[in-house]
Amino acid sequence: MSKKKKSGRPHQSFYAKHEAVILGSLSIVIIIGIWQACWSAGMISPLFFSSPSAIVKQFRYTLVEGTLLADMKYSGTNFAIGFVLAVITGVIAGVLIGWYRRLRLFCDPFLNAFYATPRIAMVPLIIIWFGIGIWSKVFIVFLSAFFPILVNTVGGVRALDRDLLRAAKAYCASDWQIFKTLAIPGSVPFILTGIRQGVALGLIGMVVGEMVGSSQGVGFMVAYGGQTFNTDTLFVGMIVIAFSGILLTWLAERLERRFSRWRPER
């Protein structure tokens, strides 16, 4: 018997398969090493900067004896409530505005105005409306994440294949059936793109809201560290925010790629 030839793609080495992770991790290690060496050599003033070792020490202290867990819980609650509300209302409003032409024409001036206005400029007004409690932060997160989700959902509904819509109407499909079988599935990739953008903007809104008018939260930790020249605490807050953003964005991107095959071909 003759030996069967092996088929398939050639075997990749470990480095080739994990090149991005290896090089990315190496760059982080090198930068941290240079940073710590400059600190140890006295080239960095502790008044304006900090060192990796001091940040790790402060992180351990705030985690065990400080308020880091309570601040993370407070910020996470603000973000979760505001973002979930933004997703629900943004998707529903986006489908309706994208589907009904007259409603879209009626809402367009307001959508364009609010979408173009930086949400940060509205923070003082929101604090006047809601006070310095949790709901002002929730509304800032909601407002920051709502418009990217809404705009992308409207774009997804308007990008539906017109031939499919005509075929569905030719078979006497009801509006609800068209919504359920064409509008919603066809808009999912666009909705997920809006959610990915909303994650980043909602996180920014959460931090800004806590920095401006709050007495707790990760954003307040950053603001307090800056005001008191406590750079160790400031960097702890920045690192927590950065890792939260990386994790949330990664989850949103994975979800977006999962449904990318539903995106209509142009």
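The values are calculated or read from the model by the stated rules, or taken from the named source; none is laboratory data. Keep in mind the model is a prediction, meaning the values are calculated, not measured. Virtual Cβ from ideal backbone geometry, glycine too; neighbours counted across all protein chains shown.
For T193, the conditions (1) of a type in the set (S, T, Y); (2) at pLDDT 85 or above; (3) under 19 Å from K73 (Cα atoms) all hold with the exception of (3). When each of Q197, Q216 is tested for being in contact with a Pro (Cβ under 9 Å, 6 or more places away or on another chain) and under 30 Å from G133 (Cβ atoms), the lone residue that passes is Q197. Could you please let me know if F130 is among the aromatic types (F, W, Y), over 17 Å from the mean Cα position of the chain (by Cα) and surrounded by fewer than 14 Cβ atoms within 10 Å (Cβ to Cβ)? Spelling it out, it is not the case that F130 is among the aromatic types (F, W, Y), over 17 Å from the mean Cα position of the chain (by Cα) and surrounded by fewer than 14 Cβ atoms within 10 Å (Cβ to Cβ). One residue stands out among those in segment 181-206 that are of a type in the set (A, V, I, L, M, F, W, C) and free of Cβ contacts under 8 Å to residues at least 60 places away in the same chain: the one that is surrounded by the most Cβ atoms within 10 Å (Cβ to Cβ), which is L182.
Across segment 31-61, the number of residues qualifying as polar (S, T, N, Q) and in contact with a Ser or Thr (Cβ under 7 Å, 6 or more places away or on another chain) comes to 3.
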